[in-house]
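Only the coordinates and a few stated rules stand behind these numbers; no lab work does. A quick note: this is a predicted structure, and the numbers were derived from the prediction, not measured. As a convention, Cβ positions derive from the backbone with ideal geometry for all residues, glycine included, and neighbour counts pool all protein chains shown.
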Amino acid sequence: MQMQTRPSPNPSILLFAFLSIAVLAIAAAAWPPYSAAVILGGALGLVCLAARPDLAFALFFAAESLFSEDILLITEKLEVTIYRIPLPYIGLNIFEVILVVLVLFTLLHRKGKLTATRLDFSMALFGFACLLGYATCIVLYHEPTRIFEPRRLLHFFVAFFLTVNLLQTKESLRTFLTIYFAAIVLKAIEGVFLYTMGEGLQIKWQIRAIFTGWEDSLNFVTYLLLLTVFILDRQPLPGKRGFLLALPAVFFSFLFSYKRAYYVALLAGLAGVFWLQGPKARGRFVRLCLLGLVLILGLVIAAGQWNAISMRVDSILHPTKESSANYRLIEWTNAMISINKNPLLGIGLGGVMPMEVYLSRTNMLGVHNTFLWVTVKMGLLGIFSYFLLHFAFWRILTLHSQFLRDPFLRTLSRGLTCVFLAFCAAQLFAPMFAQMRTATWFGIVLGIGTRLTDYDKDSSSTRKEEIPIMADQNETANHALSKSPNTILP
């Protein structure tokens with residue numbers, strides 16, 4: 001498959017565009033969403049969209065990564081954010097409006113010639129299960145306005161569509177990753193600042209957490225695992241030195257988010273890193289892990305949070321002895337009861353899972369386990385299609401080790417494999433489709449992973465074209481030398 005090659009962006013323009021979006025994102029979170037900052041941001045985004053739609057998509061995801069759905073960016077208090085405020089006369093938040101604009105522009109830009117992938121069947125089947133789940137909700141509750149869960153799932157499908165159709169070259173992929181990593185660094189630095197200023201959310205006695213959103217920790221885990229693989233493979237990455245310097249800040253914000261699901265996820269991802277390495281690289285990995293352990297101990301001791309961290313870890317090992325962990329066990333019990341009562345179609349997307357076993361509060365999310373959540377909401381068809389999607393993507397990732405020839409893409413594939421393992425582990429304890437941003441992240445990861453072979457073909461064809469050109473140049477030079485009277489040939 002031949003892909004159009006676009007020139008790489010000017011680094012200074014790229015830096016200016018990203019910093020502009022970062023400043024606008026912070027300003028828009030600090031003031032109402034109808035402020036001049038958002039209007040200016042929209043204008044800059046339209047200009048960027050017209051010139052480089054792939055760059056506009058990267059900046060959109062970077063700006064979205066700077067936000068939280070429940071906690072205001074500056075104060076870290078539970079307040080209404082831009083995610084919760086629909087634009088007038090539209091009913092969508094500003095990020096959803098941007099996604100709609102990106103989709104429309106992509107359809108016009110591609111002129112109906114959309115990119116096919118090996119995940120299309122699995123995605124279509126899961127999409128059908130989602131539509132059937134929403135129809136089931138309408139039939140059971142007679143309320144078609146229960147669209148809060150379909151809206152979040154829609155982010156997943158839209159993000160996948162935009163990824164496979166906008167990131168058409170290896171260069172655009174590298175730009176996307178660079179901007180995404182830079183956004184995570186900005187978020188982590190803000191987390192360090194908030195924590196040292198005494199900000200945060202008191203989730204337990206003597207436990208003050210920062211960035212309690214699911215996608216925030218997911219971004220930090222993605223950053224840590226991808227960067228680890230690039231370090232072990234000694235593969236160059238744009239801005240790699242700067243990202244290495246920011247590693248302690250990222251780890252700090254991740255550690256003090258106190259998300260136990262992502263503690264387990266990071267361990268699962270690191271196990272994947274060890275599994276993928278050769279014998280020599282495994283030695284480097286063990287040394288890197290020991291360095292990371294020293295960093296963890298240093299951060300915990302410096303922050304005076306040894307007791308808080310030990311409490312969170314102990315709740316993982318002994319869930320029945322801690323209230324929130326035990327709450328999740330009761331949720332799982334209620335989920336199994338609901339599945340037994342509605343095995344085929346579930347309770348529908350938008351339905352509220354009944355609490356058969358008493359809980360002190362009713363959880364609208366349903367259950368802190370994505371696989372159980374899908375089964376409760378969409379029944380056997382939903383979980384079958386969701387598992388099929390996972391197996392199809394895992395198959396694609398495993399085949400990359402045999403067919404990818406480009407070193408950068410091979411390293412990225414290994415990193416995505418570890419990130420996917422971490423995501424699967426986190427799904428056992430987290431409702432991934434309860435937030436828009438986690439759904440967006442998953443769609444982007446699937447889109448990038450399934451397109452790596454196309455990027456590799458493009459790189460291979462470019463190298464094959466360069467070889468004949470160099471050969472022709474050498475032949476011309478030798479011919480010129482042979483014709484020159486002042487040249488003594490050996």
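General observations
- Measuring nothing but alpha carbons in the stretch 368-442 and taking Rh as the Kirkwood radius, the Rg to Rh ratio lands at 1.04.
- FRET efficiency, 1/(1 + (r/R0)^6) with R0 25 Å, evaluated for L290 and T398 via beta carbons: 0.30
- Burial ordering of C418, C130, fewest other beta-carbon atoms within 10 Å first: C130, C418
- Positive end of the dipole of the stretch 209-261 (Cβ unit charges, origin at the Cα centre): among N219, A249, L232, the Cα lying farthest that way belongs to L232.
- Taking 0.36 nm per residue of sequence separation and removing the Cα-Cα distance, the R110/Y327 pair yields an extension gain of 73.3 nm.
- Ranked K341, K377, K240, criterion: other C-beta atoms within 10 Å, fewest first: K341, K240, K377
- A convex hull fitted to the Cα coordinates of the stretch 205-271 yields 86 cubic angstrom per residue.
- Stokes-Einstein diffusion for the stretch 131-190 at 4 °C, viscosity 1.567 mPa s, with a Kirkwood radius from C-alpha pairs, works out to 89 µm²/s.
- Neighbour-count order for I94, I347, I85, fewest beta carbons within 10 angstrom listed first: I85, I94, I347
- Pairwise label distance in nanometres, I301 with K280, each label 7 Å out on the Cα-Cβ vector: 3.5 nm
- Inter-centroid distance (Cα atoms) of the stretch 88-164 relative to the stretch 324-357, Å: 25 Å
- Contact order for the stretch 112-213, expressed relative to its length and based on alpha carbon pairs under 8 Å spaced 6+ residues apart, stands at 17 percent.
- With 32 Å as the limit on Cα-Cα distance, the pairs of K113/K377; K240/K280; K170/K280 that go past it are K113/K377.
- The convex hull drawn around the Cα atoms of the stretch 82-161, when projected onto a plane and averaged over every direction, covers 6.4 nm².
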